[in-house]
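J.: Below is the structure I would like to discuss, written out as structure tokens.
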Amino acid sequence: MTLHFTRNRAALAIAGLLLAAAAPTAYAGLDTETAPAPTRGTPYIETQLFFGTERPDGGPAVTDRQFMAFVDKEVTPDFPNGLTVQNGRGQWRDANGKIEKERSYELILLYPVTAAGASDRKIEEVRRAYEKAFAQEAVGRVDDRTRADF
């Protein structure tokens, strides 16, 4: 029994050493800074918009129905090829320095780089329309270059 236990223990120790020695090599394959970017797809811009639902004036929060009606009226006509809406929970510091926590929506738009100028104007119109319609201080925006293949 002791011999069997010792052999197993020795085998485990050797396996551990091999794994430890191989780990740097395995993780080197995960180095994203030197990995080539994927070439699939066409250059696109991904824009994420963040819409809060609480109203600074204390009025009722924006409902799902109101938000989707807003998307149908203000976003879909300018971006008919598609979009994604996700529900979220967010927080931000308002103009008075107070941290507001609220239910929110993330709207994701993908459009070709060649349409960036026209899309930028349309997106800014969407942001201003939401701020006006629902008494919001701001609609957050993040833009990123990406590649997309449909």
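J.: List the lysines whose Cα sits under 16 Å from the Cα of residue 132, skipping any in the same chain fewer than 8 residues away.
T.: Partners within reach: 73, 122.
J.: Which length gain, in nm to one decimal place, applies between residue 141 and residue 85 when the Cα-Cα distance is subtracted from 0.36 nm times their residue separation?
T.: Full extension of this stretch gives 18.8 nm more.
J.: What does a probe at residue 64 reach in the stretch 81-98, counting residues whose amide N is under 14 Å from the point 7 Å along Cα→Cβ?
T.: The answer is 85-88, whose backbone nitrogens lie closer than 14 Å to the label point.
J.: Is the shape of the stretch 39-98 rounded, prolate or oblate, going by the alpha carbon gyration tensor and its root eigenvalues a ≥ b ≥ c, with a/c under 1.5 for rounded and a/b larger than b/c for prolate?
T.: Oblate, since a/c reaches 1.5 and b/c is not below a/b.
J.: Same structure, new question: Points 7 angstrom from Cα along the Cβ direction at residue 128 and residue 76: gap in nanometres?
T.: So the two model labels end up 2.4 nm from each other.
J.: Related question: So if I take the centroid of the Cα atoms in the stretch 114-131 and the same for the stretch 69-94, what is the distance between those two points in Å?
T.: Their Cα centres are 12 Å away from one another.
J.: Okay, moving on. Tell me the carbon and sulfur percent of the accessible area for the stretch 26-150, rounded to whole percent, probe radius 1.4 Å.
T.: That share works out to 50 percent.
J.: Right, another one. Extending each Cα 7 Å along its Cβ direction at residue 96 and residue 120, get the distance between those two points in nm, one decimal.
T.: 3.5 nm
J.: Please report the net charge: other residues with Cβ closer than 13 Å to the Cβ of residue 114, K and R +1, D and E -1.
T.: Residues near residue 114 contribute 0 overall.
The values are calculated or read from the model by the stated rules, or taken from the named source; none is laboratory data. None of the values given here were measured: they were computed from a predicted structure. Note that each Cβ is placed from the backbone with ideal geometry, even for glycine, and that neighbours are counted across all protein chains shown. What goes into the accessible areas is simple: the full protein's heavy atoms, side chains included, and nothing from ligands, DNA or RNA. Shrake-Rupley method; radii C 1.70, N 1.55, O 1.52, S 1.80 Å.
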